[in-house]
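The values are calculated or read from the model by the stated rules, or taken from the named source; none is laboratory data. Note that the structure is a prediction, hence the values are computed from the model and not measured. Because the Cβ atoms are built from the backbone with ideal geometry, glycine has one as well, and the counts that use them run over all protein chains shown. Remember, those area values only see protein heavy atoms, side chains included, never the ligands or the DNA or RNA. Shrake-Rupley method; radii C 1.70, N 1.55, O 1.52, S 1.80 Å.
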Amino acid sequence: MAIATMTAPLPISLFPFLLLIAAICFTICDANSNARCIQSEREALLKFKNHLIDPSNRLSSWVEGGDFCEWIGVVCHNSTGHVHQLNLAPTLSEPDEFAPCFEWEAYERSKLGGKRNPSLLELKHLSSLDLSYNNFSSIYILKCFGMLGSLTHLNLSSWIPGRNSS
């Protein structure tokens, strides 16, 4: 003779309680998304931006307040909130040699320029930095990259110091 065991379904009165717990959890997690932003890293990014020439205004999301992990080009570590990657290559790809002038002008405007700023050294957890195809005014910036101890990926492809910068 086999004895059948049935598991009783959760009482309906428990369902609203479980929904309440889930809602509280999501509220706490959402509230902590801004708390994960490290103020010193936000300030370092803003200092870096202030020394840039950004003709296309591509870094317009880089403003005081809010979650800098949502800024264009900034990738943060999911659990620590530290800046993990900085991807500042132009958003437009280089046109071919037969492209019309307006495509070349748009491409040139998409490049960042300006003076180097040592504020990137404050991003101690930065592991990937892409500054390829931009125009910065000082080769000295190369010396600074060696001081970023966590940096494992550096892309300076077609980076021409001093070209088209003021």
- Note on the structure: Restricting the range 50-65 to residues that are open to solvent by 50 Å² or more (accessible area, probe 1.4 Å) and not β-branched (Val, Ile, Thr), the one farthest from the chain's Cα centre (by Cα) turns out to be Pro55
- Selection from the range 128-148 of residues closer than 22 Å to Phe68 by Cβ, open to solvent by 20 Å² or more (accessible area, probe 1.4 Å) and either modelled with pLDDT under 80 or assigned to a loop (DSSP other than H, G, I, E, B) (or both) yields Met147
- Task: Being at pLDDT below 85 and crowded, with 16+ Cβ neighbours inside 10 Å is the filter; apply it to the range 149-166 and report the residue that is nearest to Glu94 (Cα to Cα).
- Result: Trp159
- Query: When Leu59 is evaluated against the numbered criteria (1) in a loop (DSSP other than H, G, I, E, B); (2) over 20 Å from Arg116 (Cβ atoms), which criterion, by number, is the only one it fails?
  - Reply: (2)
- Message: Name the single residue that is modelled with the lowest pLDDT among those in the range 66-92 being buried (at least 16 other Cβ atoms within 10 Å of the Cβ), touching a helix residue (DSSP H, G or I) at 6+ places or on another chain (Cβ under 9 Å) and farther than 16 Å from Leu123 by Cβ.
- Response: Leu92
- Message: I'd like to check something: does the range 97-111 contain any residue that is part of a helix (DSSP H, G or I), open to solvent by less than 30 Å² (accessible area, probe 1.4 Å) and touching a residue at least 60 places away in the same chain (Cβ under 8 Å)?
- Response: no
